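Below is one structure; the comments refer to it alone.
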Amino acid sequence: MPTDIFERSTITFRGTITAGHAAATSATFQLKRSGRTFASVDAPLREGAAEVR
């Protein structure tokens, strides 16, 4: 039985930069539990938006 709601599930991360960081070429999504990062995923920025599965 899964112990976490997302265990064995596909998660899609989406983000948009709305101000600043105009020169950024990628974004980093971090999964945190109890204040600690346990996974980190990089995604390229396209027109200020990033998405990764």
Worksheet item: Of the numbered conditions (1) at pLDDT 85 or above; (2) within 16 Å of the chain's Cα centre (by Cα); (3) not small (Gly, Ala, Ser), GLU47 satisfies every one except a single condition; which is it?
Response: (2)
Worksheet item: Does any residue in region 5-34 that is over 13 Å from GLU51 (Cβ atoms) come within less than 9 Å, Cβ to Cβ, of a residue that is modelled with pLDDT under 85 six or more places away or on a different chain, and which pairs are these?
Response: ARG8/PRO2; SER9/PRO2; LEU31/PHE6; LEU31/ILE11; ARG33/ASP4
Practice prompt. Filter region 1-36 down to residues that are surrounded by 10 or more Cβ atoms within 10 Å (Cβ to Cβ), modelled with pLDDT of 90 or more and touching a Leu at 6+ places or on another chain (Cβ under 7 Å), then give me how many there are.
Written response: 1
Fill in: Complete set of residues in region 35-47 that are of a type in the set (Ser, Thr, Tyr) and touching a residue at least 12 places away in the same chain (Cβ under 8 Å)
SER40
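The values are calculated or read from the model by the stated rules, or taken from the named source; none is laboratory data. Because the structure is a prediction, the values reported are computed rather than measured. Note: ideal-geometry Cβ built from the backbone for every residue, glycine included; neighbour counts use all protein chains shown.
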